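Visitor: Sending over a structure as structure tokens; questions will come in a sec.
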Amino acid sequence: MRINLVILICKQFFKKTFFSKGLFVLLTLFLIVLTYITVNGWYTFEEHHHVVEHHQGKERQSWEANPDKHPHRMAHFGSFVFRIQHPLSIFDSGIESYTGNAIFLEAHKQHTANFSEASLSTGLMRFGDLNIAILLQLVLPLIIFFIGYASITSEKENGTLKVIYIQGTSIKEVLFGKTLGLFLIAALFFIPALIALWSISFIETHTVNSALVLRALLISISYVLFFFILCCITVIISGKSENSNKSLLTLLGGWLLFFIIIPKTAQVVGNSIYPNVSKIEFKANIENEVLKQGDSHDPNDPQFNKLRDSILKANNVSDTKDLPFNYGGFLMSKGEAQTAKIYANQHNKLIKTYQKQNSITNSLVLFNPYLAIKNISMGLSGTDFNTYTNFLVQTEKYRYMQSQYMNDLQMKYISNEAKSSEGKVHIVKSDYWKSIPKFNYEFVSLSKTLKHQILALLSFSIWLAIMLIIMTKFSNHFKII
Amino acid sequence: MYNLLIKQFFRSKTVWLAFGIIMVLGILSIGTGKQFVIQKEEAIAKTIEKQEEHIKRQVKLHENHIGLLLYYLKFSFINPVEPLSAISIGQSDLNSHIQNVKILNLEGQKYDTDLVNPMRLQVGNLDLSFLIIFLFPLVIIALNFNVLSEEIEKGTWKMVTLQGISPFKFLIMKLGIRILFICLVLGVLFLLSKLILDIPFNTDFINIIIISYLYIFFWFSLCFFVILLRKSSNTNAITLLASWLLLVVFLPVLVNNYIINKYPVDEAFTMTIKQRDEYHKRWDTDKKETMDKFYKHYPQFKKYKLQEEGFSWLWYYAMQQMGDDESQHEKEDMYSKIKNREQLSSQIAQFFPPLQVQLAMNTIANTSLTNHVDFLNETTNFHEKIRLQFYPKIFENQKASAVNWEVYKPEFFISTANFSWIKNILPMTLITIVLIGFAVFRNFRYFN
């Protein structure tokens with residue numbers, strides 16, 4: 001293959017397309033929309049961030065403002081966690097709109113994360129989210145198809161392909177040249193979007209330390225690969241098609257199938273095959289398990305009575321009142337440990353079911369580059385499923401720590417004489433509220449995210465290899481007339 | 001003539017492909033809807049069964065402490081699932097249709113969500129409404145974009161005009177076959193969903209059918225309009241696809257984004273903090289002040305006086321009540337923001353048939369945000385009713401056995417939402433008529 005010929009064809013295609021009147025309009029429109037989305041998304045992100053920090057601060061303030069009181073009161077006062085968004089959610093908001101934003105953490109009880117944006121929105125929400133990634137994932141492919149569908153067929157229809165061939169250019173070189181030309185045109189569209197991505201990662205560095213630049217780099221590489229593959233597909237299909245009409249129809253049909261129908265169907269089928277438990281069943285499962293293992297809230301529970309007797313024996317006393325620590329606090333800490341474990345078990349099961357539901361989509365990434373880029377982009381932008389479940393795990397961990405902290409205080413400082421947590425009698429100093437650490441949310445590390453996306457990344461290399469093979473191998477059997 | 005045109009129509013591969021895709025996805029979508037409804041109904045059945053068991057167990061555990069018993073007891077309030085919701089799942093997969101509430105502070109309880117895979121929520125549902133709104137227009141476009149231009153490009157149009165029949169009539173006949181075909185396909189899907197989903201043949205179902213057909217006619221009129229601009233097949237395809245992209249993909253997303261940003265519901269956070277703080281701070285403040293507020297809200301309970309020292313359930317429930325009472329303001333702010341979102345959505349939707357159809361279908365199927373907000377408000381009333389029944393019993397420290405627990409079965413929400421015909425159907429019909437009228441008017445001279 002002669003490189004200079006490829007470059008010549010590439011240049012010719014680029015120039016011809018670049019100076020067509022349609023492209024200018026399209027590019028201008030695209031850039032206007034891109035600018036709007038970026039500015040708007042950024043503004044929304046900053047606003048949301050501000051709202052979250054404001055409320056988180058306010059929440060902590062009222063936590064710390066609690067006077068001296070019984071620690072169990074604080075265990076139920078509880079704390080709220082408002083979920084912080086990853087800065088790259090400006091680029092790709094992933095499942096952000098559908099995940100809960102506020103979760104209440106108190107003793108004995110796990111709450112759901114509530115107030116997702118979608119739950120407060122009208123049915124229009126379900127048409128989709130507005131972000132830069134949507135432009136790159138759904139719209140730009142269409143633009144590439146529109147620009148490239150006639151790349152070969154028009155030469156065939158004009159009879160120029162024959163001329164090029166007779167002059168000694170191999171079809172392989174034509175294909176590569178056209179692909180490169182189309183890719184350069186596509187670059188006019190995606191480079192500004194990547195610039196938006198990079199400016200986010202350079203300006204938002206103060207928010208988290210989670211390797212923003214590295215993430216942006218990986219996202220950029222993935223998108224460049226994705227678009228290159230799409231350009232190859234477009235040119236190959238144009239080459240295989242009899243005429244421009246058929247080429248356009250094939251590409252559009254492919255878009256509809258690969259970008260809309262398959263992703264939706266895959267997820268729906270996944271959910272049908274692996275239905276998850278309803279909330280009522282979920283709670284019932286936990287309750288049954290608690291009843292089986294012993295209910296610390298039931299004063300006649302045999303398991304906990306056995307525990308009490310052994311504690312009494314070990315401390316050589318006959319009544320819990322004579323124990324050297326607060327028995328109520330002890331009982332609650334045991335109960336908490338037990339229910340937290342049961343809950344974690346059930347929650348893990350639920351998450352596993354969700355993962356099974358997603359598994360069909362996740363395995364299709366090998367066949368569908370759109371699903372691959374969608375998953376990679378979401379994962380690296382910290383807005384995917386794993387980031388969210390990780391958030392839930394972190395909040396539960398904090399909830400457990402907070403509850404046990406209060407139980408410890410009760411064991412240590414509350415007398416066994418205390419009958420209720422009311423009044424100013426059995427209390428602990430308020431300094432203890434201040435000394436409990438704040439909830440510190442950490443995004444999933446880059447290496448963990450990448451582990452989930454290996455298949456998707458692999459799919460790009462496979463597609464790329466297949467494209468190159470098709471272009472070099474099959475192009476020789478090309479019909480030029 | 002008709003015979004030949006029909007034969008020609010069914011010879012095209014596009015027709016069979018479109019038919020195949022619609023049928024496969026149609027059956028899948030009805031299946032999804034069915035599964036959705038079944039899952040929700042199973043949850044309801046389980047709730048009813050659980051509540052009885054739950055009350056029995058708790059009553060046994062805390063027989064002599066009705067104050068403590070009511071701290072544990074949960075009462076269910078259920079938003080029933082309409083068979084129609086299988087056609088338009090709407091927002092009902094996001095929001096819980098079952099409320100389990102204790103008579104404690106309600107605002108901390110009623111926003112709990114269901115367990116749904118967020119990935120599924122993001123990808124969205126494949127229900128019949130999606131098929132109608134998203135895919136039918138594409139099929140209509142695929143069948144119609146070259147109805148006239150193909151004849152012109154192949155040179156057959158001249159032959160048609162030479163036949164002596166009105167070319168306009170000929171075009172209408174060709175379109176008529178396509179309209180009939182699509183209407184039949186849609187009819188089959190509705191019939192299937194009626195049979196599979198056991199949808200009663202009532203006004204709601206008819207409304208959904210009528211809206212769907214009007215929407216289909218809107219897309220035909222748009223195609224008709226574009227065809228009669230007499231451009232090439234390629235231009236027609238691109239114009240129609242661009243309109244589809246704009247109307248079904250971009251505008252909805254843009255509109256929704258605009259609405260969300262215009263009315264951010266930060267009050268949800270403020271409210272949720274406030275309802276906690278207002279209850280909890282009462283543990284440390286003057287009991288008399290709490291009780292005065294409580295008596296002011298419920299003068300009928302003034303006769304129950306607070307004991308001087310120690311813990312009492314009267315005081316405890318008064319404190320809980322403060323969580324709700326004192327966060328009223330924030331709650332109202334939050335609801336008014338949601339209302340703003342709804343209003344703006346439906347206002348903008350009037351001008352864009354896809355948005356209009358989606359919102360209208362959700363409203364009819366009781367799966368809209370409005371329906372959920374109504375359900376939440378009715379939950380408040382339900383909660384208040386139960387509260388008022390138990391407050392005197394607790395304050396008098398009645399025995400739990402004295403209460404007739406049989407009465408406490410889960411209750412169902414009855415939606416009173418009404419569907420406005422004029423608002424929903426008039427704008428879309430007008431747009432359709434204007435498009436057809438304009439196309440005919442422009443081409444008057446060709447067809448005379």
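Visitor: Which length gain, in nm to one decimal place, applies between A:N440 and A:N243 when the Cα-Cα distance is subtracted from 0.36 nm times their residue separation?
Guide: Answer, rounded to one decimal: 65.0 nm.
Visitor: If I model a spin label as a point 7 Å beyond the Cα along the Cα-Cβ vector, how far apart are those points for A:E64 and B:Y2 in nm?
Guide: 8.2 nm
Visitor: Need one value for B:81-94: mean number of C-beta atoms belonging to other chains within 10 Å of its residues' C-beta atoms.
Guide: Across the residues of B:81-94, the mean count of other-chain Cβ atoms within 10 Å is 2.
Visitor: Of the options B:T370, B:V265, B:S327, report the single residue whose Cα projects farthest towards the positive end of the charge dipole of chain B (beta-carbon charges: Lys, Arg +1; Asp, Glu -1).
Guide: The residue sitting most towards the positive pole is B:T370.
Visitor: A further question follows. Which residue, chosen from A:S318, A:Y413, A:I164, occupies the Cα position most advanced towards the positive end of the dipole of chain A, where the dipole is computed from +1 (Lys, Arg) and -1 (Asp, Glu) charges on Cβ about the Cα centre?
Guide: A:I164
Visitor: Where in segment A:447-471 is the amide nitrogen less than 19 Å from a point lying 7 Å along the Cα-to-Cβ axis of A:I273?
Guide: A:455-456
Visitor: Also: Within segment B:163-245, which chymotrypsin sites (Phe, Trp or Tyr not before Pro) sit in a loop by DSSP and count at most 14 neighbouring Cβ atoms inside 10 Å?
Guide: Those satisfying the criteria are B:F201.
Visitor: Another one. Which percent of the accessible area of chain A is formed by carbon and sulfur heavy atoms (probe 1.4 angstrom)?
Guide: That share works out to 63 percent.
Visitor: Could you work out, residue by residue across A:67-78, how many beta carbons of other chains sit within 10 Å of that residue's beta carbon, and then give the average as an integer?
Guide: Average per residue, whole number: 2.
Visitor: Grab the DSSP H runs of the protein assembly as shown that are 4 residues or longer, score each as -39,500 (n - 2.57), total them, divide by all residues and round the 222 nm result to the nearest 500 deg cm²/dmol.
Guide: -22000 deg cm²/dmol
Visitor: Still on this structure, please answer the following. Using a 1.4 Å probe and counting only protein heavy atoms, how much accessible surface gets buried when A and B come together, both sides summed, in Å² to the nearest 100?
Guide: Rounded to the nearest hundred, the buried surface is 8000 Å².
Visitor: For segment B:72-82, just list the computed ³J(HN,Hα) in residue order, Karplus coefficients 6.51, -1.76 and 1.60, θ = phi - 60°, integers in Hz, with x standing in for Gly and Pro.
Guide: 8, 5, 10, 10, 9, 10, 10, 8, x, 9, 7
Visitor: Considering amide H positions built from the backbone, and no H for Pro or chain starts, which residues 5 or more places from B:L229, or on another chain, come under 5 Å of its amide H?
Guide: Sorted by chain and number, the residues that satisfy this come to none at all.
Visitor: Just to be sure I understand the model, the point goes 7 Å from the Cα along the line to the Cβ. What's the resulting A:K21 to A:I166 distance in nm?
Guide: 3.3 nm
Visitor: Set the Förster radius R0 to 35 Å, insert the Cβ-Cβ distance between B:W421 and B:D284 as r into 1/(1 + (r/R0)^6), and round the FRET efficiency to 0.05.
Guide: Calculated value: 0.05.
Visitor: Oh, and also: Structure shown: which of A:K109/A:K434; A:K334/A:K356; B:K302/B:K393; A:K334/A:K397; A:K279/A:K412; A:K279/B:K281 lie over 25 Å apart, alpha-carbon to alpha-carbon?
Guide: A:K334/A:K356; A:K279/A:K412; A:K279/B:K281
Visitor: In whole Hz, what ³J(HN,Hα) sequence does segment B:348-353 give by Karplus (6.51, -1.76, 1.60; θ = phi - 60°), x for Gly and Pro?
Guide: For segment B:348-353, the Karplus curve yields 5, 4, 3, 8, 10, x Hz.
Visitor: Please list the non-local residues whose amide H lies under 5 Å from the amide H of B:F412, H modeled 1.01 Å from N, same-chain partners needing a gap of 5 or more.
Guide: B:I78
Visitor: Can I ask one more? So which chymotrypsin sites (Phe, Trp or Tyr not before Pro) in segment A:400-468 are both in a DSSP loop and have at most 14 other Cβ atoms within 10 Å of their Cβ?
Guide: none
Visitor: List, in order, the whole-Hz ³J(HN,Hα) value for each residue of segment B:83-99 obtained from phi through the Karplus relation with A = 6.51, B = -1.76, C = 1.60 and θ = phi - 60°; use x for Gly and Pro.
Guide: x, 5, 5, 5, 7, 10, 5, x, 9, 6, 7, 8, 10, 5, 9, 10, 10
Visitor: Relative contact order for segment A:3-477: what percent, with Cα pairs under 8 Å and sequence separation of 6 or more?
Guide: 25 percent
Visitor: Another question about this same structure. For helix A:385-413, report the angle its Cα long axis makes with the longest principal axis of the Cα atoms of chain A; keep it between 0 and 90° and round to the nearest 10°.
Guide: 10 degrees
Visitor: Then there's this: Can you give me the accessible area per residue for segment A:3-477, using a 1.4 Å probe, in Å²?
Guide: Ligands and nucleic acids excluded, the result is 42 Å² per residue.
Visitor: Around B:F75, which amide H atoms from residues at least 5 apart in sequence, or from another chain, sit under 5 Å from its own amide H, with H modelled in the peptide plane?
Guide: Result for B:F75 returns B:V101, B:K102.
Visitor: I would also like to ask the following. For the Cα atoms of chain A, what angle does the longest principal axis make with the long axis of helix A:21-64, in degrees from 0 to 90, nearest 10?
Guide: Tilt of helix A:21-64: around 10 degrees.
Visitor: Picking from A:A65, A:M1, B:G187, whose Cα lies most toward the positive end of the charge dipole for the protein assembly as shown (charges on Cβ: Lys, Arg +1; Asp, Glu -1)?
Guide: A:M1
Visitor: At a Förster distance of 60 Å, what's the computed FRET efficiency of B:T156 paired with B:N377, Cβ-Cβ distance as r, to 0.05?
Guide: So, using R0 = 60 Å, E works out to roughly 0.45.
Visitor: Say each of B:F412 and A:N345 gets a label point 7 Å from the Cα, pointing the same way as Cα to Cβ; how far apart are those two points in nm?
Guide: It is 3.7 nm.
Visitor: Evaluate E = 1/(1 + (r/R0)^6) for B:W405 and A:E289, where r is the Cβ-Cβ distance and R0 equals 30 Å; express this FRET efficiency to the nearest 0.05.
Guide: Step by step, r from the Cβ atoms, then E = 0.70.
The values are calculated or read from the model by the stated rules, or taken from the named source; none is laboratory data. What you see is a predicted model, and the numbers here were worked out from it, not measured in a lab. Glycine gets a Cβ as well: all are built from the backbone with ideal geometry, and neighbour counts include every protein chain shown. With ligands, DNA and RNA removed, areas are computed over all heavy atoms of the protein, side chains included. Shrake-Rupley method; radii C 1.70, N 1.55, O 1.52, S 1.80 Å.
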